[in-house]
Amino acid sequence: MPLLNRLLSLAVLGVSAVPSVLSFQPGFSYGSEKVRGVNLGGWLVLEPWITPSIFENTGNDDIVDEWTFGEYQDYDTAKAVLQDHWNSWITEDDFAAIAAAGLNHVRLPVGYWAFAVGSGEPYITGQLDYVKKAITWASDYDLKLIIDLHGAPGSQNGFDNSGQRMSYPTWHSNQTNVDRTNEIIKTIISMVDSEYETVPIIAPLNEPAGFDGDDVLTVVKQYWKDSYGNIRYPYDSSTESNTVELIHDAFQSLSYWDGFMVDGYDGVAMDTHIYQMFSDKQVAYNYSQHIKEACSHGSSLADFDLWIIVGEWTPASTDCAKWLNGRGTGARYDGTMSGTTAVGSCTGKTGNATSFSSDYKQFMRQYWEAQVISYEKGSGWIQWTWKAENADDWSYQAGLKYGWIPQDPTDLEYPNICD
Ligand SMILES: *[C@@H]1O[C@H](CO)[C@@H](O)[C@H](O)[C@H]1NC(C)=O
Ligand SMILES: *[C@@H]1O[C@H](CO)[C@@H](O)[C@H](O)[C@H]1NC(C)=O
Ligand SMILES: *[C@@H]1O[C@H](CO)[C@@H](O)[C@H](O)[C@H]1NC(C)=O
């Protein structure tokens, strides 16, 4: 029964509404309104491919992620560079531009080290002030902010964007890491629970490495349930917050998660990330194959039983962006990654959009629209990423500037592209 009717019928019966029973009011109408948003990648968690200059300027090839950025440099030097980056990469003007582009969400990746660094961990801190600024700016421009824990102690996926690049992640195999992560989620919810209209949703862990098998998945599933308690019931077991939990599919198919945290749970959303350049097969697709595959996701998103947000995706169709696969690693597309065979040349596929052909830009518009149409069959989408130093194919800002992204995301030129 809709909430208002329940309140009215209770009022008719002379029963005063009991807030703890009827109080769940998410700060955004997930499921009825579409999420349309952008990630603030490479700001509070460094990524070599988003800001290659920060890494190049160190003059040290062994600096490949934020951990080594702190480990292999003088503290004052590293801190000054980061401070300058935090002050300039994203500012209030970006929030204004994101709102003006008709978007309603920003997803903010942040590492655990912004909240608590362990002894011997070389991370530099100071990001928390910027999380707070981001919340204020989101509120000022009427945007919803997702706090996304992008890096956990021990690394949950071994990607450079978890803070620590490594061949096999160690978050899941060490209970101390998991316990520390739970404590950080408690810290985050205690910061933002009263601001649920601006921060309606928390993602307790980005992209845990489910591809490494059941050892990881078992820990992840328990962690999603523990995070549910931490985020949805932060006060006691009968008093709900208004904050939604955004779990991630851990690179498993949606069918793997059928029924997970459905019965007996309330206020849970699923995040899935869709890219088409990280396998030899997909990177070799032609334009129509990319579009067809984008469209093909619509039905499984529509059928999923939780709210489902495509929290990362891109109109980029190659892995050509410099260091996208890690500092010092080449690309599948042009065969510069070892063990791959070239599909074509990377020239004109990434870098500055002034070098993109009109055919390529037209394809990007079509591919962007196909994804938007398809992902809105679910609860909506959040593009990766708002800006990149030298990879305009990934940049929402560049897409707006050069025309493959419309100024209003509902203004489609190819509304029937998936039919
Ligand atoms: C588990 O992780 C913690 C840091 O979170 C570390 O101090 C400890 O040494 C790790 N234990 C093992 C057995 O690796
Ligand atoms: C794209 O690839 C598909 C599958 O190989 C093929 O049928 C189609 O003709 C190709 N399209 C173009 C425009 O090359
Ligand atoms: C791309 O080139 C144009 C024209 O030279 C320049 O204005 C713009 O800043 C460049 N974009 C990036 C991301 O470097």
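The values are calculated or read from the model by the stated rules, or taken from the named source; none is laboratory data. Keep in mind that what you see is a predicted model, and the values were worked out from it rather than measured. Glycine also receives a Cβ, built like all others from the backbone with ideal geometry; neighbour counts cover every protein chain displayed.
Side notes on the structure shown:
- Tally of residues being of a type in the set (Gly, Ala, Ser) and either closer than 30 Å to residue 122 by Cβ or within 15 Å of the chain's Cα centre (by Cα) (or both) across the range 136-157: 4
- Residues (in a loop (DSSP other than H, G, I, E, B), away from ligand 2 (no atom under 16 Å from the Cβ) and surrounded by fewer than 24 Cβ atoms within 10 Å (Cβ to Cβ)) located in the range 350-378: 351, 352, 356, 376, 377
- Members of the range 234-278 that are of a type outside the set (Asp, Glu), under 30 Å from residue 393 (Cα atoms) and outside any strand (DSSP E or B): 250, 251, 252, 253, 254, 274, 275, 276, 277, 278
- When we screen 215, 226, 305 for residues that are assigned to a loop (DSSP other than H, G, I, E, B) and either over 18 Å from the mean Cα position of the chain (by Cα) or surrounded by fewer than 20 Cβ atoms within 10 Å (Cβ to Cβ) (or both), the only hit is 305.
- Contacts under 6 angstrom Cβ, first residue in the range 351-365 being farther than 10 Å from residue 392 by Cα, partner away from ligand 3 (no atom under 15 Å from the Cβ), 6 or more apart: 363/287; 364/315
- Test: residue in the range 274-286 that is over 21 Å from the mean Cα position of the chain (by Cα), surrounded by fewer than 23 Cβ atoms within 10 Å (Cβ to Cβ) and away from ligand 2 (no atom under 16 Å from the Cβ): no
- Of all residues making up the range 136-170, the number that are charged (D, E, K, R) and in contact with a Gly (Cβ under 7 Å, 6 or more places away or on another chain): 3
- Out of 346, 320, one residue alone is out of contact with any helix residue (DSSP H, G or I) (no Cβ under 9 Å at 6 or more places or on another chain), modelled with pLDDT of 95 or more and either surrounded by 17 or more Cβ atoms within 10 Å (Cβ to Cβ) or aliphatic (A, V, I, L, M) (or both). It is 346.
- Output for the range 161-212, where each listed residue is over 16 Å from residue 131 (Cβ atoms), part of a helix (DSSP H, G or I) and within 16 Å of ligand 1 (Cβ to nearest atom): 162, 175, 176, 177, 178, 179, 180, 181, 182, 183
Quick grid of which residues meet (1) part of a loop (DSSP other than H, G, I, E, B); (2) without any contact (Cβ under 8 Å) to a residue 24 or more places away in the chain:
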residue	(1), (2)
81	no, no
84	no, yes
90	yes, no
97	no, no
102	yes, no
108	no, no
122	yes, no
125	yes, yes
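- Tally of residues being closer than 18 Å to residue 403 by Cβ and either more than 16 Å from ligand 3 (Cβ to nearest atom) or not basic (Lys, Arg) (or both) across the range 368-391: 9
- Filter result (without any contact (Cβ under 8 Å) to a residue 12 or more places away in the chain and hydroxyl-bearing (Ser, Thr, Tyr)) within the range 396-419: none
- The requirement of being farther than 20 Å from residue 248 by Cβ, modelled with pLDDT of 95 or more, surrounded by fewer than 24 Cβ atoms within 10 Å (Cβ to Cβ) and in contact with an Asp or Glu (Cβ under 9 Å, 6 or more places away or on another chain) is fulfilled nowhere in the range 148-170; no residue meets it.
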